[in-house]
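The values are calculated or read from the model by the stated rules, or taken from the named source; none is laboratory data. None of these values were measured; they are calculated from a predicted model. FYI the Cβ positions are ideal-geometry reconstructions off the backbone, even for glycines, and counts take in every protein chain you see.
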Amino acid sequence: MSALTKVFVVLHVVLSLLLVAGMVTFVNKVEDFRTTATKAKEETSRERALKDDALVAAANANSSRDMAIAEANARAAKLEQGFNSAQAEVAKQTALVAEEKRRADKADVDTKTAQQIAKAATDAQKVAQDALLAVRKESDDLQKKYSESMVAISDLSNKLDVMNKRYQQKLEELAAANAKVEELQNSGGRTVGYVPPAATPGATGATGTGLASAAEQPAPVAGQNLKGVVRSRKTIQGVDYAVISLGSADNVQKGMEFKVIDRASNQFLGYLTVDSVDYNEAMGHLRGPNLKGVREGSEVVTQLQ
């Protein structure tokens with residue numbers, strides 16, 4: 001075989017190999033194209049489905065947007081209405097504020113006027129207080145004098161009662177003496193120059209009263225035990241007084257001291273010092289720890305037993 005033939009044979013083999021390789025490559029590319037086309041078709045289907053979904057979503061979004069716009073418009077209208085109402089209220093409140101400011105200015109003027117009046121009233125009150133203090137001092141002096149006068153009047157009244165009772169006693173003694181004189185005259189006895197006997201302590205006349213003047217009463221016996229009761233109680237100018245059922249007929253004298261007791265509870269109430277004496281009663285001032293318990297019927301004694 002010649003060299004040219006060998007060359008042709010080699011070329012043929014090479015070409016055959018190249019053709020086979022090209023066919024294999026072409027077949028492979030065709031398969032790749034088919035695979036790619038299938039994938040592209042599938043992708044296209046998916047994209048079409050996505051597009052359809054997007055269109056539906058867009059339609060829904062448009063509907064939602066329209067609803068949102070409608071709601072927004074309604075809210076805007078409502079807000080505008082509220083804004084208009086707020087503006088009207090602001091105008092009203094502004095007018096009220098102006099009126100309140102006018103009133104405040106007037107109140108400030110009234111306050112200043114009232115302060116001036118109050119200052120004048122305070123000055124007048126101070127003058128009145130000074131005058132009141134002076135009147136109170138004068139009233140206290142008068143009250144003191146009144147209290148002293150009341151005590152003096154009470155003492156004089158008691159003395160007058162004693163004198164009246166002494167006078168009544170003398171009238172009774174005189175009546176008894178006249179009766180005795182008449183009796184003696186009727187019996188033919190001696191009547192000229194008759195003098196009735198002087199009353200003695202405890203003596204009983206024709207009337208059976210046994211009265212005697214204070215000057216004729218015997219002196220109190222040392223250690224005597226006198227017992228009586230409280231007849232009444234009163235307060236004069238803050239001082240407690242009581243009237244007891246014992247008097248000059250019982251040898252009670254001014255300055256004597258009695259103990260006041262509650263016999264029911266066996267409680268010591270205080271002391272009574274005699275200030276004035278009548279024939280059958282006396283009055284004195286009270287002192288002691290339980291004066292609130294002193295009442296009508298409380299017992300008075302000179303000696304506690």
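Any chance you could count how many residues in the range 241-299 are among the hydrophobic types (A, V, I, L, M, F, W, C), closer than 26 Å to residue 160 by Cα and touching a strand residue (DSSP E or B) at 6+ places or on another chain (Cβ under 7 Å)?
Residues in the range 241-299 being among the hydrophobic types (A, V, I, L, M, F, W, C), closer than 26 Å to residue 160 by Cα and touching a strand residue (DSSP E or B) at 6+ places or on another chain (Cβ under 7 Å): 12 in total.
Which condition does residue 249 not pass, out of (1) buried (at least 16 other Cβ atoms within 10 Å of the Cβ); (2) assigned to a strand (DSSP E or B), if it passes all the others?
(2)
Quick check: is even one residue across the range 168-183 more than 30 Å from residue 239 (Cα to Cα), modelled with pLDDT under 75 and not acidic (Asp, Glu)?
yes
I need every pair where a residue in the range 263-288 that is on the phi > 0 side of the Ramachandran plot has its Cβ under 9 Å from the Cβ of a residue that is part of a strand (DSSP E or B) and among the acidic types (Asp, Glu), sequence separation at least 6 or different chains.
Filtered contacts from the range 263-288: 270/240.
Does residue 43 count as modelled with pLDDT of 90 or more, more than 30 Å from residue 239 (Cα to Cα) and among the charged types (D, E, K, R)?
Details: modelled with pLDDT of 90 or more: no; more than 30 Å from residue 239 (Cα to Cα): yes; among the charged types (D, E, K, R): yes.
No, not satisfied.
Restricting attention to the range 288-305, and to residues there that are at pLDDT below 95 and not in a loop (DSSP other than H, G, I, E, B), which single residue is surrounded by the fewest Cβ atoms within 10 Å (Cβ to Cβ)?
Here the residue is 292.
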